[in-house]
Amino acid sequence: MSLKETLEKYSKSNMYPFHMPGHKRRLKGCYEIDMTEVPGVDDLHDPEDVIFQDQKRMAKLYGADESYFLVGGSTVGNLAALYATCSEGDTVIIQRNSHKSVYNSAMLRHLKVEYICPRLFDNGIYQAVSLEEVHQAVEKAKNPRAIVLTSPTYEGYHCKIKEIADYCHEKEIILVVDQAHGAHLGFHPSFTNSAVKYADITIQSLHKTLPALTQTAVMHVSQGRVDLNRLREALDIYESSSPSYVLMNSISQCMDILEEGVDLFENYVDKLQNFYKACGQLKHLKVVEDTDENKDPGKLIISTKNTNITGVELARILREKYELETELSSFSYVLAMTSIMDSEEGFLRLEKALLEIDENLTTGNVEVPRIDYRPTKKIELYEAKSNRATDVKLEDAINKVSAAMVCIYPPGAPLIVPGEEISTETVDIISFAKAKGLHVTGLNKGLISVVN
Ligand SMILES: Cc1ncc(COP(=O)(O)O)c(C=O)c1O
């Protein structure tokens, strides 16, 4: 029996709960399967029964040696991965546009950090990290212990993981792939580049691209280079001691869907193909289509670069006039995320809205600031966080060392990270992003924290 079936059965049994949770399963809906670690439903922190079996099922489904359910999102996976694979003082190579959990992980483990600064496309989107960039970073870093790469990126660009993994392993470097946006990869020929079989650790958010509740994720491990005891210890540290059975039930149900999901993926691909074809008629807006295997077709990038409106304005029109909410809007594009659960009606509504909006646009050239500048690292992340800090006005922060991570959110790629020197350029970009209506995180009422 799967965890889902076990919980269903338990919820219908006569067993009276003189234990947590306090709702006593007497409220309707998900409360009925919300459990604590009683006999029969296993324990995520020490699985030996149904959770153990379901984790094995997960590993088989994805082709991993070991898979671990995560109920704190990929965030927990990233935190645990570096705890388990590195020791204090080790050097880790990360992408400068990594998710903040990767930074936090390096900071908490007191790691030295070397950055790969990926190139940008014209529309301001980060490209995937290339093998050459990995080579250069490894040569510069001197004996790095691990590399963390994000593949696919938020916008759906994939690294060549197999080649990178071969190179890392030749150099005895652990490869961790933050594949938060790639849990659906490997289930259809249109969705390739799963890292599971190549990376030492692959972390995937089920909730981002598959039918699963928010916070559900999974960590896959290839055996050989990763100490599994240390990994379990890390998960024990970073995950709640009361992991949600509602979330684990959702993971179990998601696997049921994936096991039967061939038709769902076929239908999804048909809908995507129809959408891209229809958007070929757009005169000003452009739906970015990468024909090679380097981009996930499920991430719809709608570029406003050659029009008279910004991505933020396009997202506003879609929201206010057409009741279509998108995932992300930036200077010159909007990102719409799709999945096997999208309806034909949803795709048609977006297609119709874009064609109608396009009719009223004119040709233009939306300004995109270069955010691929290279800030100077003055001290390590953890040193910046261990020191005392003061909040100052942005203009007074120039030439000081940041104690803050300031990001444009989403996607959350940092403009400045703790330990780096704040330049005039950084301050200008933060001001520009705010003026364009982008959401800037990491400031405190407009002030930035700097190391004393
Ligand atoms: C690349 C990347 N990694 C990790 C995360 C964290 O994932 P989660 O929200 O599942 O904790 C995100 C979230 O947006 C992300 O974009």
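The values are calculated or read from the model by the stated rules, or taken from the named source; none is laboratory data. All figures in this text were calculated on a predicted structure; none of them were measured in a lab. Positions of Cβ are backbone-derived with ideal geometry, glycine not excepted, and every protein chain shown enters the neighbour counts. Only protein heavy atoms, including side chains, enter the accessible area calculation; ligands, DNA and RNA are left aside. Shrake-Rupley method; radii C 1.70, N 1.55, O 1.52, S 1.80 Å.
Exposure check, 1.4 Å probe, all protein chains in place: Thr441 carries approximately 40 Å² of accessible surface.
Karplus-derived 3J(HN,Hα) values for the stretch 7-14, using 6.51 cos²θ - 1.76 cosθ + 1.60 with θ = phi - 60°, are 5, 4, 5, 4, 5, 8, 7, 8 Hz; glycine and proline are entered as x. Applied to the stretch 90-104, the Karplus parametrisation 6.51 cos²θ - 1.76 cosθ + 1.60 on θ = phi - 60° returns per-residue 3J(HN,Hα) values of 5, 9, 10, 9, 10, 6, 5, 9, 5, 5, 4, 5, 5, 4, 4 Hz, with x for Gly and Pro.
Summarising the amide proton neighbourhood of Leu415: residues at separation of 5 or more, or on other chains, whose placed amide H is nearer than 5 Å comprise Val406, Cys407, Ile408. Taking the Cα centre of the stretch 215-276 as origin and assigning +1 to Lys and Arg Cβ atoms and -1 to Asp and Glu Cβ atoms, the resulting dipole is close to 300 debye. Of the solvent-accessible surface of the stretch 322-447, computed with a 1.4 Å probe and all protein chains present, 47% belongs to carbon and sulfur. Please report the base-10 log of the normalised intensity I(q)/I(0) for the stretch 126-246, using a Debye sum with one equal scatterer per alpha carbon and no solvent, at each q in 0.13, 0.14, 0.22 (1/Å). Scattering profile of the stretch 126-246, log10 relative to I(0): -0.56, -0.64, -1.31.
Contact order for the stretch 381-451, expressed relative to its length and based on alpha carbon pairs under 8 Å spaced 6+ residues apart, stands at 44 percent. Would you please classify the overall shape of the stretch 406-445 from the alpha carbon gyration tensor, given that a ≥ b ≥ c denote the square roots of the eigenvalues, rounded means a/c under 1.5, and beyond that prolate means a/b larger than b/c while oblate covers the rest? Here the stretch 406-445 falls in the oblate category. Mean residue ellipticity, 222 nm, helices only, the chain: the sum of -39500 (n - 2.57) across DSSP H runs of n ≥ 4, divided by residue count and rounded to 500, is -11000 deg cm²/dmol. Could you tell me which of the pairs Lys4/Lys24; Lys162/Lys286; Lys171/Lys197 are separated by over 29 angstrom between their Cα atoms in the structure shown? Exceeds cut-off: Lys162/Lys286.
Normalised per residue, the accessible area of the stretch 269-330 is 50 Å², obtained with a 1.4 Å probe and no contribution from ligands, DNA or RNA. Across the stretch 3-259, Cα-Cα distances exceeding 34 Å account for 20% of all pairs.
For a distance above 15 Å, tell me the whole-number percent of Cα pairs in the stretch 263-359 that qualify. It works out to 59 percent of all Cα pairs. Remark on Phe331: its backbone amide H falls under 5 Å from none of the residues 5 or more positions apart or on other chains, H modelled at 1.01 Å from N. To the nearest Å, what is the center-to-center distance of the stretch 335-367 and the stretch 8-73, using C-alpha atoms only? Taking the Cα centre of each part, the stretch 335-367 and the stretch 8-73 sit 40 Å apart. Taking amide H as placed 1.01 Å from N in the peptide plane, Lys112 has its amide H under 5 Å from the amide H of Gly89, Asp90, Thr91, Val92, each at least 5 places away in sequence or on another chain. Just so you know, the Rg over Rh for the stretch 1-132 is 1.12, from Cα atoms, with Rh as the Kirkwood radius.
The rule of thumb for compact globular proteins, 2.2 N^0.38 Å, goes into the C-alpha radius of gyration of the stretch 300-452 1.25 times.
Each Cα pair under 8 Å and six or more residues apart adds its sequence gap; the mean of these over the residue count of the stretch 3-259 is a relative contact order of 23 percent.
Per residue, the stretch 342-422 exposes an accessible area of 51 Å² to a 1.4 Å probe, with every protein chain left in place. Restricting the calculation to Cα atoms, the chain yields a radius of gyration followed by a Dmax of 22.8, 68 Å. For the stretch 119-247, the solvent-accessible area with a 1.4 angstrom probe is 39 square angstrom per residue.
Cross-link reach is defined here as a Cα-Cα straight distance under 18 Å, omitting same-chain residues fewer than 8 places apart; for Lys434 the lysines meeting it are Lys393, Lys445. Only lysines eight or more places from Lys283 in sequence, or on another chain, were considered; those with a Cα closer than 25 Å are Lys271, Lys295, Lys299, Lys305, Lys321, Lys352, Lys436. Summed over all non-identical Cα pairs, the Kirkwood treatment of the stretch 381-451 gives a radius of 11.8 Å. For the stretch 3-259, with all protein chains in place and a probe radius of 1.4 Å, 48% of the accessible heavy-atom surface sits on carbon or sulfur. 3J(HN,Hα) couplings calculated from phi for the stretch 270-280 with the Karplus curve 6.51 cos²θ - 1.76 cosθ + 1.60 (θ = phi - 60°) are, in sequence order, 4, 5, 5, 4, 4, 5, 4, 5, 4, 6, x Hz; Gly and Pro show x.
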